[in-house]
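Notes follow once the structure below has been shown.
Nothing in this text is a laboratory measurement; each read-out follows from the coordinates by a stated rule. Keep in mind it's a predicted model, so treat the numbers as computed, not measured. Note: ideal-geometry Cβ built from the backbone for every residue, glycine included; neighbour counts use all protein chains shown.
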Amino acid sequence: MSSPTGSPQEGSAPEEERTVRRADLRSGRPAAPAPPRRRRSLPTPRLPAVRLPDLSRLGGLTLPAVPEEVSTKALELRERTRPAWAPAAGFLRWISPLGWAVLALGVAGWVVGWWTGWTEWLMIGSAALVLVLCCVLLAVGRTRVTITTDLEPVRVSVGEPATGRITVTNDSPRGMLPLLVELPVGVSAARFTLPPLGSGKAHEELFVVPTHRRGVIPVGPARTVQGDPLGLVRRTERWTDVTDLYVHPRTVSLESLGAGLLRDLEGETTQDLSMSDLAFHALREYQPGDDRRYIHWRSSAKAGRLLVRQFLDTRRSHLCLVVDADPEQFEGGEDEAETAISAAASVALRAIRDEQDTTVVCRDQAASRTTASLTLDAFARVELGPSDVFGRCTEALALAPDTSIVVLITGPGQPFIEAQRALGQFELEVNKIVLTIDAMEQTGVQHLGGLTRLNIRRIQDLRAVLASGALV
């Protein structure tokens, strides 16, 4: 039976069955099929669109800057309270990461054992805490020693041996148990286990510093290490300062350059005679063609013949070396870049020995009118990387405006037009040289675009190239 609203109820017949009216049953007429019922369609729910925030804009958010007054007051407060927290902070630095892990295990074991009532966890926690406490007791104690480190020599070339000595003296009135001493050498560290030392006794150890690469190797500071064999607690004390070992680039012996000499009235006096200069040398008899302005009339009147002034020529020479230390500009990468530095160091060393003013510029290192040792120290401090050749030439010109010869040492990757543009900052009278390191090209000399281009394959070829008079 249908409901008044015409909607089907629970328990009603399915759509395949026919509906029979009571009047049809009384009259005996067959039941007429009922019209099919139209099912009501339910509305499709539509949810409102949710707009997610644009997370790409969150990168532009910046935290508010801390006011300068607040940071200043915080630093002042930190310095005032340093006596209170510095001892505790120093003690906490004794514990290594492994020690903190064992300490955390002990605390966690106690908490779990107390919460759950498990005796096993309490035993684990107790063992871990007792272990850390025993390790701390092993590190407690005052060490009274004197440690000295000596390097001999402090300046070496690549491949030359460099040895050092460390001496430990027991200044305590009592004997000293075996002690571990660490001495950092570059990126590694040398460790020495000292034997038991009596009062006033000293122990000496030797070590070797590897010098297979150019650079500056820091040696030190020497530290004593106290702690446990497990490494849970480590107490270190510093006893010496850092000593730098300079490993100079490999150089080759060169003949005297005698290059880049310009006549200058304010230069250095030479043994070459001249007819016009400031360094008066002597008087000589007049010869046809001599300038009459240099006739010394008073002496000529006494001698009864014409006498002219004779001078010594004065010249100046300032050699400027600009090195491109970018491995990308060389076919051989870092090896050929090191060859470029070695070539520059060889030429600079020869020029300084010839008593010529020398200026070198290589990346962030520069040395001008200084000794050979300090010039090689500057080369030792150079770190390979990208270099602006034009900017380095500008710096060299500012350091040495009186340059008489400039040499740019680079690789085949540097365009020749860029080298010409960089060297074009110097005056026209300056002799300009481009020295390239290229193992794929023949060793030789070329003259291109107002520049002299030299090429060497290895550092040993430098002597032959310069012997040809390329720098004159």
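See the values below:
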{"item": "Segment 367-410 shape via C-alpha gyration tensor axes, a/c threshold 1.5", "result": "oblate"}
{"item": "Residues of segment 369-389 with amide N under 15 Å of a point placed 7 Å along Cα→Cβ from residue 244", "result": "371, 373-383"}
{"item": "Inter-label distance, nm, simple model (7 Å from Cα along the C-beta direction), residue 373/residue 287", "result": "4.8 nm"}
{"item": "Sequence ranges 232-238, 451-457, ranked by mean other-Cβ count within 10 angstrom, highest first", "result": "451-457, 232-238"}
{"item": "Cut-off 12 Å between beta-carbons: net charge of the residues surrounding residue 420, Lys and Arg +1, Asp and Glu -1", "result": "+2"}
{"item": "Size of electric dipole in segment 289-365: Cβ of Lys, Arg +1 and of Asp, Glu -1, about Cα centre, debye, nearest 20", "result": "1740 debye"}
{"item": "Radius 12 Å from Cβ of residue 308, net charge of other residues (Lys, Arg +1; Asp, Glu -1)", "result": "+2"}
{"item": "Cβ-Cβ FRET estimate between residue 150 and residue 440, R0 fixed at 45 Å, reported to 0.05", "result": "0.45"}
{"item": "Segment residue 230-residue 88, length gained on full extension (0.36 nm per residue, minus Cα span)", "result": "48.8 nm"}
{"item": "Two-site FRET efficiency, residue 399 against residue 111, from Cβ-Cβ distance with R₀ of 60 Å, rounded to 0.05", "result": "0.30"}
{"item": "Listed peptides 116-127, 410-421 by packing density, highest first (mean Cβ within 10 Å)", "result": "410-421, 116-127"}
{"item": "Radius 11 Å from Cβ of residue 248, net charge of other residues (Lys, Arg +1; Asp, Glu -1)", "result": "+2"}
{"item": "Overall form of segment 359-456 per C-alpha gyration tensor (a/c, 1.5; a/b vs b/c)", "result": "oblate"}
{"item": "Packing rank of 437-445, 351-359, where each peptide gets the mean count of other beta carbons within 10 Å, highest leading", "result": "351-359, 437-445"}
